[in-house]
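> One structure, as structure tokens, below. Some questions next.
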Amino acid sequence: MSGGADLAMAALLRKKGRRSANYKATSSAAHEMEVERAPENQPQNPFTEIHILTNHSDVIRTIIPIDGHRFVSVSDDHTAVVWSTNCSNPLFVLNGHAGPVVCAMGMTMVQYDAERGYALKEQILLTGSLDKTIRVWSLESGECINILKDHNTYVKVLSVSGVENLFCAGGNNLHLWNLDGELLHTVILNGEDVSHILDVIGGRIVVAAANTLEAFKVPDTPDILQELEKIKKLAPNHREMILSLEMVSGSFFASSSLDGTIKIWSVATMTVTRSLNQEKDYLLDHSYPYCVHHFLSVDQNFLFAAVGRGIALFSLSGDCLWHKVNAHHSKILFLCLVYNGMFLASCSEDGTIRLWGAEEFADQPLEGKSLLSKEIPESSLERLLGRSITTREKRRLLRKEEKYKVPSPVLLGECVSHSGAVQKLLTFNDNTMVSYGSDGIVILWKDGAKESELRNDQIRKILHFNSQVDQSKS
Amino acid sequence: MQAYAEIFHYQNTSANIALFDAVGGEEEAFVHSVRPFPFHLIPAYQPVMPWPCTKQKIDKDFILVCEFSEIIGPTSLITIPRDGGRNFDKDMFAVRIMAVDYNATNTMRCYASFTIVEDTSVIIEDKEENVYAYVHHFTLYDIHARGYVRPFCMAYVTPDKNKLFTFLEKLMAKFKSVSQLFRSGNQLLFKTELDQRLADLLYTKDSMQFPVATSLKMAKSSTANSKDNTDVTSGQGEETIPCQRRRTIVENSQEALTKAIQDCQGMLHELRQKMESSSFLSKYKKEGGSQNRSGCDECCLGSLGYHSDSETVISTGSKTNICNSTLSKSLSSLCKVTNCHCNSQPYQPKIIKVDACRRYDQSLRTLQKLSGKLGSDALNRLQKLFKIFSRDAVVLKLEHVESSLVNPSTTLLTIGRTVQINFLANMVVQSNNEAMFRHRNRAGRTDSFLMETPSSCLSITSDSTQQSFPLSYDAEFVPGSTAASLESIYYDVEEGLDDGDEEKTQDNDDSWLEISFTSRGEERTENNDENRGLGGSFDVVSINSHSEVESVDLSPHQLMNGGTVPFVNGYDKVVQLRQLSSSSSIEPVLSRCSKVPVGCYASRLTSTNTDLPGADIRAFLHTYPFAGHLIYALLSGRTTIIAASPKREKEVYSIIRTLRLFVPGHSSNQLIIPWHTMSLTMCDLGKMKLVGLAKPRSLHRAIPASVFRFSTVFDYDSSKLWTPPYRGKILWKTISQCKQLRQDQSCIAAIETMMLKYSAKAYLFYHTYCLNSNLCNNQSEKQSQLTAAHFLAKINAIDGDAKIVQYWVDIIKQQQISEFLTQTNSSHVTKKMPIKLNYEGSKLYHA
């Protein structure tokens, strides 16, 4: 996005935000509002083909992407399964843990070959379990390479550390490991379990436990004592449990909480710069209507946040630019940009994934929706809204014309297939999305029309192959 | 297409229906329409017109089995069907057809030596009577008959000359297989009898030379054998039996005895040679006693309990080193075949009169008894043969044409398990991918192309004479998960019918049902199969039907009676392991086929079975005005759920039976679930296409919201239907046409015409769009804009029709891909058909 457009966009959204005052101002009244229904026939919804992946016999804890086409699902049935987006059979079923597997992380192990002078890189997978072990798996063979036991406590979260071959594991305590399987350091945390670990720039990590955040420094040179150095406790605390912790731009990260607050922290100073969505009466009979399970940063300047059942778009400066109070029937658990950024997908406890996108295409069938004819907007938000801001619009914005309407995402489709809450959604390069639900299944969502074309190609190849065989025979 | 139109026309005119007979309107027509009687209700007695104005002619085919009786000359024995050729002088005809072969048998008789005669066949034409017959002569052997021969013949009599000549080859092959059964059974029996005769003769000779010793021996053995009456009879036996015996012995001259023994041995020798050369019998022997390497003759002899007084035994040419246990074992196996002696007790030789001429005081055995158990098998086969060939020539021809569509099975499209079209039949795609095709030589095996079918699966026995048979339409074994076989008679295999199926097949004694569905035993390991195959002990086919023909039909009765066959829930899972005859050097080849029976529409139309797909279709169309939407859902691959309260299971069954006519594809045996009692899940949508669902209380409890959204739900109790509306033309047109017809058969013919319309579009779409790489590769051209929808619109398939066509092509594509992946053993790619989500909103329809 060029600087001018950026400015214009910000101005435009600010104006919109001003008009709708604040998210909280209207939210209480909006409780009675009906949930919008998906458009009839959903011509915009490209996900017309699904594969149901069933290999787990118990609750799935999470799914983690590994690379461009692979992901791993971990489950209470003591297994982790590596899947590919073009196959409904597992690539590897990783057996070995004696307890529920709760977290996983893909990493690249770098081994320097001193003699030959280059680095060997191997893709590995780490899985943490309640059986007090961490297992290291090869992603080439699916074999268990190493079992880490020294920490002697359960592991709930794994994270890269920002330093090569070092990783952090959190549970009861916080551990620093290297990939050779050495436990380098343990930080005893007096209190709650670690729920999130965020690798922030500059060899630092931020650890969330219950409603507190704490920053540590990761040793980045092998010479010094390899210990996690405590930097500071981040203040002020959230009022309730922290639900999400993510980077939003190069210099800011954000944490969201059950009480609905999203705090934007400066990476440099580790202090709060903005506090969004502060709600006084957040409890409301312990239903936490404003809880922010997940948020999604867009273009380094904006945040899509799942606020209770609704979606809100905030600018990092603190304005609520757009909001949809009743986006779902139940709380939204995850937000993701899918299908090459053309849709914002929201996963909800009501078992649906809703797709939000540009209004101007809402009536057209998907086939007509081709951004190829236009310039592809650089900005994610512009792509989502399906348009870039023209100079004319800029002018109108500067003139602060009241009649001018800000483009906003509209409901374009609803993906229903899970029979329980949809917990998380991954998106892959080939426009496939992968979701898992509390019903214990993983679903691959694919673009039916595109898949059909791919199958045509495949059949042409098969026939070609066969006719060659035929010829060689004769 | 043309032929179906012909049938359609025939159906209409023969039933005296005017297509546009608008009298009374639809409703009334429905009420007054008289459905044809089911087959079993048609009165058996149909009075013959007593004053025929023209010369009596036969109008229907029948099979006549005749014998040249040694007492009364040529006579007819069996007519199939029982009332076949009622107005026809069968005995006169028998004289005619037996006379043709009489010379052959006569010359045989003139020879002094005993020879085994091959079958002869001939075609007889009687223009006056307007009768054409294929006559198959064969000779059986009977120890009691004059010259030991019993000449028989079977004749297929028809007024349709064209039919006879068109299907002559098949007819010949079929009759040959029947005669083979007769003769094989007969040879086994005759040999047993000859062995016994020989034993008798030797014993007689023995007792002439050493009268006392034998009588004593005899007495001993009799006491040993019958323990109950030892005390009572033994005392008298010593006095009375020798008296009788001496009298007989005196009557026998030494010379006659020696000559009789020689004759008998000569015949045995001839017979043994014949039987050894027969692959069927040698195969049988191997099964019977795996340890027994010697012939059956020895075992019979040895187990006779006849003492090996070296001379006599050597004179029979058999060895003495015989283990008794194996012998009795093989004898018992022989008895099983011949079905004459069910006890494995050794034969007691007795003293006989050698030169006793036949006195014609007792009638000879019947044809069936002459061949033992195989005789009744042969007659059953004859019945079946009649059922196949007695149908109209048009039907036979259509079946013949469509049987070539079965290969390659991966591109075969079936709707309701009936063959529609094969996308790649008889063609080869040029390697330059320009979607050009050339027709393949018909003689060439198409299976070398595309998803190779190993020839082992087609050839079942390696008998060279049998392999030269034309590929018959009644069992083509094609491997693969999506394989199909076209059967000449309409199959009615209810998938997933876990109860009641057994009864049904039992009831249908006219054997219209034929299951030859073998499932790919994926759960079995390769090794396991191989072992079994090499052992040669597991051969379902030969155990059950003892035949040598190129394809062996396994009827459900046989399967169930066979006992050796693993029958899962009364339906069709048979692991079929076949073995090439050991006479050839080829290693045993196994065929593990997943065979799905598919039928031909022509057979469906002419079948009298009331339990076939599409039964009561007329009533259904009239009762439910929304039938079109429902059928659209089925044709376009949307899972259709028929929900009803548990007590209405039977009604749901019959609706499923009607609707299965519209279920495309034959890949999965879970396509149709007649009665499902659990809540449905999204996973079920992938495989099930037509489901009968028990609905406990509320509909939504049995069907989750997500499933409800992507399926068509028909609540049978309240006659409500939730489904996306059908927007298209073709289906509506056919339905309104069907509503004016008065017979199910006519409706089905009309529907078939519609299916072919769709098939033709699908064919075009597949070849010109899906296989055309030019459309996709030249992105720069405007052609890239041409999407599937645009293309379909061009071939006049829009909205609903386009979806149907696309789904049908998708089925073919999926079949091809999954077969390819199976062959290349790529396990890491999706083989399962994805679940299609059609976001089109459902509408509610009331009846």
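All of the numbers you see were taken from the coordinates with simple rules; none came from a lab. Every value quoted in this text rests on a predicted model; they were computed, and no experiment measured them. Glycine gets a Cβ as well: all are built from the backbone with ideal geometry, and neighbour counts include every protein chain shown.
> Pick out, in residue order, every one of the trypsin sites (Lys or Arg not before Pro) in segment A:223-302 that is DSSP loop and has at most 10 other C-beta atoms within 10 Å; say none if there are none.
Details: sites: A:Lys230, A:Lys232, A:Lys233, A:Arg239, A:Lys263, A:Arg274, A:Lys280; in loops: A:Arg239, A:Lys280.
Those satisfying the criteria are A:Lys280.
> For the residue pair B:Lys729 and A:Glu164, what label-to-label distance in nm results when each label sits 7 Å from Cα along the Cα-to-beta-carbon direction?
7.0 nm
> Shielding of A:410-419 by partners, i.e. mean partner chain Cβ atoms within 10 Å per residue? If you can, show how the numbers build up before the last one.
Numbers: counts 0, 0, 0, 1, 2, 3, 10, 11, 3, 7.
Shielding by partners across A:410-419 averages 4.
> Does segment A:157-234 come out rounded, prolate or oblate by the C-alpha gyration tensor, with a ≥ b ≥ c the root eigenvalues, rounded set by a/c under 1.5 and, if not, prolate when a/b is larger than b/c and oblate if not?
Working: a/c = 1.75, a/b = 1.45, b/c = 1.21.
Note, shape of segment A:157-234 comes out prolate.
> Related question: Sorted by mean Cβ packing within 10 Å, highest first, what order do the peptides B:134-146, A:141-153, A:173-185 take?
Working: B:134-146: 20.5, A:141-153: 14.3, A:173-185: 18.4.
By packing density, highest mean first, the sequence is B:134-146, A:173-185, A:141-153.
> Please compute the length gained on full extension between A:Lys121 and A:Asn146, using 0.36 nm multiplied by the number of residues separating them and subtracting their Cα-Cα distance. Can you show the working numbers first?
On the way: separation 25, 0.36 × 25 = 9.00 nm, distance 1.66 nm.
Here the segment from A:Lys121 to A:Asn146 would lengthen by 7.3 nm.
> B:His666's amide H: which non-local residues (gap 5+, or another chain) put their own amide H closer than 5 Å, with H modeled 1.01 Å from N in plane and none for Pro or chain starts?
B:Thr414
> Quick one: which of A:Lys156/A:Lys280; A:Lys324/A:Lys446; B:Lys90/B:Lys397; A:Lys424/A:Lys446 span more than 22 angstrom between C-alpha atoms?
Numbers: A:Lys156/A:Lys280 31 Å; A:Lys324/A:Lys446 27 Å; B:Lys90/B:Lys397 29 Å; A:Lys424/A:Lys446 16 Å.
Correct reply: A:Lys156/A:Lys280; A:Lys324/A:Lys446; B:Lys90/B:Lys397.
> Per residue of B:811-821, how many C-beta atoms from partner chains lie within 10 Å of its own C-beta, taken as a mean? All intermediate terms of the calculation are to be shown ahead of the outcome.
Details: counts 0, 1, 6, 2, 0, 6, 4, 0, 1, 7, 2.
So the per-residue partner count for this stretch is 3.
> Remind me, relative contact order of segment A:157-234 in percent, using alpha carbon pairs under 8 angstrom and six or more residues apart?
With pairs under 8 Å counted, the relative contact order is 24 percent.
> Here is a follow-up. Other chains' Cβ within 10 Å of A:453-461 residues: what's the mean?
Mean partner-chain Cβ count within 10 Å for A:453-461: 6.
> Starting from the amide H of A:Glu414, placed 1.01 Å from N in the peptide plane, find each other amide H under 5 Å away whose residue is 5 or more places distant or on another chain.
For A:Glu414, the qualifying residues are A:Leu355.
> When ranked by the protection proxy of mean other Cβ atoms within 10 Å per residue, highest first, what sequence do the peptides B:612-621, B:730-739 form?
Working: B:612-621: 21.8, B:730-739: 17.9.
Packing order, densest peptide first, comes out as B:612-621, B:730-739.
> Let me ask you something else. By per-residue mean of other Cβ atoms within 10 Å, what is the highest-first order of B:167-180, A:56-69? Could you put the intermediate results ahead of the total?
Details: B:167-180: 20.6, A:56-69: 17.1.
With the highest mean Cβ count within 10 Å placed first, the list reads B:167-180, A:56-69.
> For the cross-link pairs B:Lys650/B:Lys803; A:Lys461/B:Lys832; B:Lys274/B:Lys353; B:Lys729/B:Lys843; B:Lys650/B:Lys836; B:Lys689/B:Lys836, which exceed 22 Å when the distance is taken from alpha carbon to alpha carbon?
Working: B:Lys650/B:Lys803 32 Å; A:Lys461/B:Lys832 19 Å; B:Lys274/B:Lys353 29 Å; B:Lys729/B:Lys843 19 Å; B:Lys650/B:Lys836 30 Å; B:Lys689/B:Lys836 12 Å.
Over 22 Å Cα-Cα: B:Lys650/B:Lys803; B:Lys274/B:Lys353; B:Lys650/B:Lys836.
> Out of segment B:624-717, which trypsin sites (Lys or Arg not before Pro) are coil in DSSP terms and have no more than 15 other C-beta atoms within 10 Å? Can you show the working numbers first?
On the way: sites: B:Arg638, B:Lys647, B:Arg648, B:Lys650, B:Arg657, B:Arg660, B:Lys687, B:Lys689, B:Arg697, B:Arg701, B:Arg709; in loops: B:Arg638, B:Lys689, B:Arg697.
Filter output for segment B:624-717: B:Arg697.
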